[in-house]
Amino acid sequence: YEERVLPSIINESQFDAIELVTQRTLISQCASKFLTERAAQFGLLLDDISI
């Protein structure tokens with residue numbers, strides 16, 4: 001890949017392993033919302049994410 005399509009948009013973890021297990025649905029919803037909005041700034045449509 002010669003070009004980067006989407007730059008790194010999240011550099012640090014905001015949640016620890018326990019939170020990922022106990023709050024998976026909430027974290028997934030928050031991540032999806034953030035990434036969808038960020039991708040839209042580059043003209044990209046985000047369909048789904050997986051944690």
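Readers should treat all values here as calculations from the given coordinates under stated rules, not as data from a laboratory. The model shown is predicted, which means the values in this text are computed figures rather than measured ones. Every residue, glycine as well, gets a Cβ built from its backbone with ideal geometry; the counts of neighbours run over all protein chains shown.
Rg and Dmax of the chain, based on Cα coordinates, read 12.6, 39 Å.
Taking the C-alpha atoms only, the angle from helix 24-40 to the longest principal axis of the chain is near 10 degrees. Where only DSSP H runs of four or more residues are counted, the chain gives -14000 deg cm²/dmol as its mean residue ellipticity at 222 nm, each run worth -39500 (n - 2.57). Which part of the range 35-49 falls in the paramagnetic zone of Glu19, meaning amide N under 17 Å from the point 7 Å along Cα-to-beta-carbon? Of the residues in the range 35-49, 35 have backbone N under 17 Å from the label point off Glu19.
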